[in-house]
Amino acid sequence: VTAVLLRGSGLAAEIRAKVLAASADLNRHGVDATLAVVVATDDESSHWYVRSIAAAAKKTGTACRIVDLGAVATEDQIGRQLDELSNDPSVHGIILQTPLPDGVSAAKLVGRVAPRKDVDGANPVSLGRLAVGESAFPPATARSVIELLDHHQIPLNGRHVAVVGRSNVVGKPLLHLLLQRDATVTICHSRSNPLAQYTRPADIIAVAVGRAGLLTADHVTTGAVVIDVGTNVMADNSLVGDADAASVASVASALSPVPGGVGSVTTALLLLHTVEAAADAHALAPA
Ligand code: NAP
């Protein structure tokens, strides 16, 4: 078997077109959909990511307000900024970018992002709502896994999905999104040993660990679908996922590439969540 590549670019373009139409509609109602990104780091890859969000926002007619507090910002300063943006009616979506300065706890701060503006599902309230089936924005990365599968017409109902990784931003929200779609889910983590014992029975594997080459053909049953969420920057500056692509592609029926898979959809979904939040805030029809 040589796997089909599940690319995200077509889907990302479709989502951006939807966002563009929704932003234009909001503009007609006098609303500028606005995403605020709070940054407090010198980390170059983080700034690169923020610039890519700003560029995507520009293309979709949404406003992106970058609030750079500098790498020496305190927890108190960042917290007050999040409160201010949460209370600012001209801001519809808020993201707190990581990493944060040493000693500053992201886990505490994300609780200060108003849930209705929590377009990347970072506030524990959003994860809780997701868990009990109430309306909330899921983290864009977790949602992009589902959207990518739907876009490529890979059914979830009744399928067995193994999720490798149990973080609050990917693994745990993905569990709830998959349960909502009537999949049977196995969650694996660093103590799931041997990993292959848990991933081999799965029809679909979503891997979100951050370790290049973790998933090989040994972990994948013939014909399974693999969604690779991992992003790993190699010594030569190339970007690779968590799957050993050549090995996995020799047994899987389909594999999402890195780059060009999940990642390209994530930014588009952040902007979609922002126009949805704006429509909701102004009681307009959803995007
Ligand atoms: P994280 O918080 O570090 O979580 C990693 C998870 O992987 C943990 O649950 C950990 O288990 C598990 N793990 C570590 N080693 C393992 C092993 N040998 N076998 C099985 N599981 C293992 O990372 P994250 O924030 O979820 O991100 C995961 C990856 O996704 C990273 O590469 C990140 O860059 C990428 N990512 C991509 C996007 C995108 O849009 N493309 C967005 C967000 C993240 P324990 O819980 O036991 O420690």
Could you list all residues from the stretch 86-105 that are under 17 Å from the mean Cα position of the chain (by Cα) and either surrounded by fewer than 24 Cβ atoms within 10 Å (Cβ to Cβ) or assigned to a helix (DSSP H, G or I) (or both)? Q97, T98, P99
Taking first residues from the stretch 132-146 that are more than 11 Å from G171 (Cα to Cα) and second residues anywhere that are open to solvent by 10 Å² or more (accessible area, probe 1.4 Å) and outside any helix (DSSP H, G or I), the pairs with Cβ under 8 Å that are 6 or more apart or on different chains are F137/D120; A140/D120; I146/R181
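Among the residues of the stretch 197-234, which ones are of a type in the set (S, T, N, Q) and without any contact (Cβ under 8 Å) to a residue 60 or more places away in the chain? Talk me through it step by step, then tell me what you get.
Our first condition is that a residue be of a type in the set (S, T, N, Q); within the stretch 197-234, this holds for 197, 199, 216, 221-222, 231-232.
Within the stretch 197-234, Q197, T199, T216, T221, T231, N232 qualify.
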Select from the stretch 68-84 the residues that are on the phi < 0 side of the Ramachandran plot and either touching a residue at least 60 places away in the same chain (Cβ under 8 Å) or not in a helix (DSSP H, G or I) (or both) and list them in ascending order. D68, L69, A71, V72, A73, T74
Count, please, the residues in the stretch 143-170 that happen to be more than 10 Å from the ligand (Cβ to nearest atom), in a strand (DSSP E or B) and open to solvent by less than 10 Å² (accessible area, probe 1.4 Å). 2
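Condition check ((1) under 22 Å from L179 (Cα atoms); (2) in a loop (DSSP other than H, G, I, E, B); (3) not acidic (D, E)) across all residues:
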| site | (1), (2), (3) |
| --- | --- |
| N193 | no, yes, yes |
| P201 | yes, yes, yes |
| V209 | yes, yes, yes |
| A212 | no, yes, yes |
| I227 | yes, no, yes |
| A235 | no, yes, yes |
Looking only at the stretch 12-55, count how many residues are touching a residue at least 24 places away in the same chain (Cβ under 8 Å), closer than 26 Å to L109 by Cα and not charged (D, E, K, R). 15
Note: among A246, A281, A277, A254, just one is open to solvent by 50 Å² or more (accessible area, probe 1.4 Å) and touching a His at 6+ places or on another chain (Cβ under 9 Å), namely A281
Within the stretch 177-211, residues under 26 Å from P138 (Cα atoms), within 9 Å of the ligand (Cβ to nearest atom) and aliphatic (A, V, I, L, M) come out as I187, V207, A208, V209
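Residues are listed down the side, and each one gets a yes or a no for (1) among the small types (G, A, S); (2) open to solvent by 10 Å² or more (accessible area, probe 1.4 Å):
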| site | (1), (2) |
| --- | --- |
| A3 | yes, yes |
| L6 | no, no |
| R16 | no, yes |
| R28 | no, yes |
| A33 | yes, no |
| A40 | yes, no |
| S46 | yes, no |
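The values are calculated or read from the model by the stated rules, or taken from the named source; none is laboratory data. Because the structure is a prediction, the values reported are computed rather than measured. Heads up, the Cβs are rebuilt from the backbone with ideal geometry, glycines too, and the neighbour counts pull from every protein chain shown. When the accessible area is computed, the model is the full protein with side chains, heavy atoms only, and any ligands, DNA or RNA have been set aside. Shrake-Rupley method; radii C 1.70, N 1.55, O 1.52, S 1.80 Å.
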